[in-house]
Amino acid sequence: MSAAPRSAAPRVTVLAGGVGGSRFVRGLLHQLRTEWPAAAGGPEESMPGSGTAASVTVIANTGDDLWLAGLRVCPDLDSIMYALGGANDEERGWGRRGESERVSAELTAYGVGWPWFTLGDLDLGTHIARSSWLREGLPLSEATARLCARWNPGVALLPATDDEAETLVTVADEAGGTRQLHFEEWWVRHRAALPALAFTQHNVERARPAPGVLEAIAEADVVLFAPSNPVVSVGTILGIPGIADAVRQTAAPVVGISPIIGGAVVRGMADACLSAIGVETSAVAVGAHYGARGLPGAGLPGAGLLDGWLVDSADAAVAASAATGPLAGIRTLARPLWFHTVEETAAIAADALALAARPRP
Ligand code: GDP
Ligand code: CA
């Protein structure tokens, strides 16, 4: 953090996927609003959807996006918008509160869409509004801003790219060859059970970062990698040409929060993605995959991306022993990383900011 006065909250830019990303960002907002009430509307207003804390920008994964039933569906953008805007179903953990599925049943009767990929009626309103703006020629970033004007997520929410660069999964076919399917088909229909041979971002070479993305990374006081899926959430954001370089070059410290605790994914099936790219499901291996900024040899092309890596207390010993090995050049801190309550998640965000503020070794 560059010497920000106490009255000004740091400008924080977060790379995030959907559910894990939004849970983390909610804690981050809680933390910023508690510590810098003057800058962000006061702690009593730390309810979701309570207005803007302009100091946080979230760059969201768009690799999961797809055209379905004629509509552009953006799962991660919407998960973040609903969760931070106070519209999500807290019990289920995703989607809209008070949702129904009457339209989906009609579409299934017509054989339109994917019967295993439910689009709720309220959620369909979002997809119809977005698709109508896209068909009028607006870029996704502008359509997202219009949707957010209603939900007030309290962050600047940016798609990683306005271009369509969907994640495809290569799997073995019956004939002994391979076939590709959309990430959502692999994830939702097959529950990630078909062994993935590779992930590709269709047309990614033509994709450009959405307006504001590179600036948000360059001008931030702190850049954070949410504890989102390292392959198909953070990895796909970093796959958009220009974004990883912006992370390498920013003057801000870059800190990641581990989505892996004690050698296991906390929730979800990220291990199926990590094994496909040859990365072990461990906090050390994922940190080493991101790599130390300024040092070559990370799992991603070019130099590494991280100054700091926040791991769970369960991983304290392995992280310490990796300090001169796989995690060389990355400062680590071990703290409890389970998101149980918003207060505990806020403490995780505070730890990430504290790690960012530590001088380089
Ligand atoms: P998605 O796009 O909805 O799949 O969600 P993300 O990619 O943003 O986040 C999914 C990741 O969040 C999973 O790989 C989990 O390992 C991680 N995750 C979920 N809950 C927690 C938690 O309580 N603590 C930590 N550290 N990570 C979590
Ligand atoms: Ca996702």
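Any read-out appearing in this document is the output of simple, stated calculations on the displayed coordinates, not a laboratory observation. Keep in mind that what you see is a predicted model, and the values were worked out from it rather than measured. Because the Cβ atoms are built from the backbone with ideal geometry, glycine has one as well, and the counts that use them run over all protein chains shown.
Residues in segment 316-348 near a label at Glu280, defined as backbone nitrogen under 15 Å from the 7 Å Cα→Cβ point?
The answer is 316-328, whose backbone nitrogens lie closer than 15 Å to the label point.
Please list, by residue number, every one of the trypsin sites (Lys or Arg not before Pro) in segment 238-335 that is coil in DSSP and has at most 16 other beta-carbon atoms within 10 Å.
Qualifying residues, ordered by number: Arg267.
On a full-extension model of 0.36 nm per residue, what is the gain between Ala357 and Arg150, subtracting their alpha-carbon distance, rounded to one decimal in nm?
Fully extending the segment from Ala357 to Arg150 adds 71.1 nm.
Choose one of Ser100, Gly268, Ala314: the residue whose Cα lies farthest towards the positive end of the charge dipole of the chain (beta-carbon charges +1 Lys, Arg; -1 Asp, Glu; about the Cα centre).
Ala314
For Ala264 paired with Leu181, estimate the spin-label separation in nm (one decimal), with each label point 7 Å from Cα along the Cα-to-Cβ line.
Each label point lies 7 Å from its Cα, and together they span 2.6 nm.
Need one number: nm distance between label points at Ala8 and Glu343, each 7 Å from Cα along Cα→Cβ, rounded to one decimal.
3.2 nm
Among the helices of the chain (complete DSSP H runs), which have Cα atoms covering no less than 20 Å along the helix axis and a Kyte-Doolittle mean of at least 1.0?
Long hydrophobic helices here: 342-357.
May I ask for the net charge around Gly291, where only other residues with Cβ less than 12 Å from the Cβ of Gly291 are counted and Lys, Arg are +1 while Asp, Glu are -1?
Surrounding charge for Gly291 is +1.
Roughly what would the spin-label model give for Val188 and Asn203, points 7 Å off Cα along C-beta, in nm?
Taking the simple label geometry, Val188 and Asn203 are separated by 2.0 nm.
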